[in-house]
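Heads up: the structure comes next, in structure tokens.
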Amino acid sequence: MNRLQYFEKKKKELKELRKLFDAQEPMLALSSGVNRLPPPSLYSRYFIKEIESRQMISDYTRRDGNPVLKEVISIYEKLISTDSMNFPGGFADNICITAGATAALMFYFEYYSQKYPGSAVLFLGLNYYAFYEYCNLFQLKKIILTSKKKNRVAPTIEEIIRVIREKRPKLISLTLPLNPSGEIYTENELCRLIPVLKKYDILFLIDKVQADVFAANFDYINVNKIIIEEQFVNNVIIIDGLSKTRSLPGARLGYIIANKEAIDYITYLNEIYYYNPPQIYIVPFIIDLMFRVIYFKRDYIGDSDIRFILRLFRRLTQSFSLFKEDKRLTEIFNPSTYNREYEEFSSEIENNYAAFMNNYQYLIDRLDKHICEKTKLQGGYNFCIKLYKTNSRSQLQFCLDIFERERIAMLPEFFYNDHRIDDRDLPFWIRITCAYPEEEFSRIVDKLYNCFNILLK
């Protein structure tokens, strides 16, 4: 089957589902995966300045991204890899900035399919449908592994090891936190898994787009540090970005870290697809990464370390005239005045994560009598629920009934399970996105409660 035939087949399959996926009322798209809370004021303020100066938007960026931003990303990834102020060698040396994390993902799967044609990819938990589509397009074998345990989507380490020994995948794909379920693997669990991956020479793709060091409500899993300590750098691919986490998914700023061969090929794909990464939000992106380092190291660095970080990032960004012309921006790098901006920025983000947790708890409490299973929200802003008594309808029909009744769009499990339905008579997972203003979210959940009382008798 060629790509055009495959597309026509998928178009027919997804016709009804698109009513939910393309729902026009964004505040009622309860499975969108989009952060509906306002972006930090830092981003809004300097986006306007970037436009006014035209310095950032008057030309295309390089095919691998803005060179200053690339260097800043490398330093950021190195600094959060260790408790000290050292820069571990060999890690985050090869980076390509992409038009969002999804572009990085697609490009890596194309590279991987050329390097290991027809090989198997093991997906941990349920995943966004693009992961599976790239396997289909590039003719890779898929293994989808979810846990058999109650209130859990992420397979246990024991379940993963068992499949590794039986199926021998060449690549394992993990979102951290898992999307759509919001679960994480602890540092201890990852330390148990990586030696097995080393033994079987397995590549490890980690998408950490929704992992945020500022999320005080969640444990931050320092996967960088684990990779370095386990001496597993050469087999790991990391995809990240800040635009989605910061309520700016349309900014499409992501990046990928991998070995030099992979990054060279991905940079080539950026060029031939004319897919130059965007050249906007560069200034606040850099400041965000600097503040992340300070926040991450806040419990064990002193004033001299903070001065070092401020000097380092200031030196890297001197090529931007914005940094020289804007007094407030210059003060960000001054040890005696940076704290005001830092506190405002961290407070805005912490408030957002508090709203996520409040929304999560409100839905769980309000819909409790209808929920038979739920995943624990341990990171990001997506989680999953299963409902009682939906077995009289198909997954799609149930969600379409809710959409027709209340215009609330929710995406069911088969959307995140390669469009597979293992047993039509069993309850199924539904993704919930809780990144909404609390008052608006509670109104949506109240509508759902009334709708469920009618549909789930």
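Taking the stated definitions as given, is ILE266 part of a helix (DSSP H, G or I), crowded, with 21+ Cβ neighbours inside 10 Å and either modelled with pLDDT under 90 or touching a helix residue (DSSP H, G or I) at 6+ places or on another chain (Cβ under 6 Å) (or both)?
Yes, satisfied.
Mind checking whether some residue in region 5-17 is of a type in the set (S, T, N, Q) and either in contact with a strand residue (DSSP E or B) (Cβ under 7 Å, 6 or more places away or on another chain) or modelled with pLDDT of 95 or more (or both)?
No, because not a single residue in region 5-17 is of a type in the set (S, T, N, Q) and either in contact with a strand residue (DSSP E or B) (Cβ under 7 Å, 6 or more places away or on another chain) or modelled with pLDDT of 95 or more (or both).
Mind checking whether some residue in region 431-440 is surrounded by 15 or more Cβ atoms within 10 Å (Cβ to Cβ) and β-branched (Val, Ile, Thr)?
yes
Looking at ILE239, is it within 30 Å of TYR436 (Cα to Cα), assigned by TED's automatic domain parsing to the domain that holds VAL196, in contact with a strand residue (DSSP E or B) (Cβ under 9 Å, 6 or more places away or on another chain) and modelled with pLDDT of 95 or more?
Yes; evaluated as a whole, the condition is true for this residue.
Out of region 73-99, which residues are under 17 Å from PHE313 (Cβ atoms) and either part of a strand (DSSP E or B) or among the β-branched types (Val, Ile, Thr) (or both)?
Those that are under 17 Å from PHE313 (Cβ atoms) and either part of a strand (DSSP E or B) or among the β-branched types (Val, Ile, Thr) (or both): ILE73, ILE75, ILE80, ILE95.
Taking ARG36 and the conditions (1) within 21 Å of the chain's Cα centre (by Cα); (2) exposed (fewer than 14 other Cβ atoms within 10 Å of the Cβ), which numbered condition does it fall short on, given that it satisfies the others?
With (1) within 21 Å of the chain's Cα centre (by Cα); (2) exposed (fewer than 14 other Cβ atoms within 10 Å of the Cβ) applied to ARG36, the lone miss is (2).
When you check ILE144 against the structure, is it surrounded by 15 or more Cβ atoms within 10 Å (Cβ to Cβ) and more than 21 Å from the chain's Cα centre (by Cα), yes or no?
So ILE144 fails the test.
Looking at region 353-381, which of its residues are closer than 28 Å to GLU187 by Cβ, in a helix (DSSP H, G or I) and either touching a residue at least 24 places away in the same chain (Cβ under 8 Å) or touching a strand residue (DSSP E or B) at 6+ places or on another chain (Cβ under 8 Å) (or both)?
If the condition is that a residue be closer than 28 Å to GLU187 by Cβ, in a helix (DSSP H, G or I) and either touching a residue at least 24 places away in the same chain (Cβ under 8 Å) or touching a strand residue (DSSP E or B) at 6+ places or on another chain (Cβ under 8 Å) (or both), then TYR353, ALA354, ALA355, PHE356, MET357, ASN358, ASN359, TYR360, ILE364 are the ones that fit.
Out of region 305-331, which residues are acidic (Asp, Glu) and over 26 Å from THR61 (Cα atoms)?
ASP305, GLU331
This table checks each residue for (1) closer than 17 Å to ALA23 by Cα; (2) in contact with a Pro (Cβ under 7 Å, 6 or more places away or on another chain); (3) among the polar types (S, T, N, Q).
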residue	(1), (2), (3)
LEU426	no, no, no
ILE432	yes, no, no
SER442	no, no, yes
ASN450	no, no, yes
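Give the number of residues within region 379-392 that are surrounded by 14 or more Cβ atoms within 10 Å (Cβ to Cβ) and touching a helix residue (DSSP H, G or I) at 6+ places or on another chain (Cβ under 7 Å).
Final tally of qualifying residues: 4.
Looking at LEU396, LEU426, which is the one that is among the aliphatic types (A, V, I, L, M) and either touching a residue at least 40 places away in the same chain (Cβ under 8 Å) or surrounded by 17 or more Cβ atoms within 10 Å (Cβ to Cβ) (or both)?
Of the residues listed, the single one that is among the aliphatic types (A, V, I, L, M) and either touching a residue at least 40 places away in the same chain (Cβ under 8 Å) or surrounded by 17 or more Cβ atoms within 10 Å (Cβ to Cβ) (or both) is LEU396.
As an exercise: evaluate ILE194 against (1) on the phi < 0 side of the Ramachandran plot; (2) loosely packed, with under 14 Cβ neighbours inside 10 Å and give the number of the one condition it does not meet.
(2)
Looking for whichever is assigned to a loop (DSSP other than H, G, I, E, B) and of a type in the set (D, E, K, R) here; the options are ARG45, ARG18, ARG36. Which one fits?
ARG36
When residues of region 244-263 are filtered for being at negative phi, among the small types (Gly, Ala, Ser) and at pLDDT 90 or above, how many remain?
So the answer is 3.
Please state which one of THR102, THR82 is in contact (Cβ under 8 Å) with a residue 12 or more places away in the chain, touching a helix residue (DSSP H, G or I) at 6+ places or on another chain (Cβ under 9 Å) and within 15 Å of LEU242 (Cα to Cα).
Going through THR102, THR82 in turn, the sole match is THR102.
Looking at LEU122, LEU105, LEU126, which one is within 27 Å of ILE430 (Cβ to Cβ), part of a helix (DSSP H, G or I) and hydrophobic (A, V, I, L, M, F, W, C)?
Within the list LEU122, LEU105, LEU126, the selection yields LEU105.
The values are calculated or read from the model by the stated rules, or taken from the named source; none is laboratory data. All values reported here derive from a predicted model rather than from experimental measurement. Note that each Cβ is placed from the backbone with ideal geometry, even for glycine, and that neighbours are counted across all protein chains shown.
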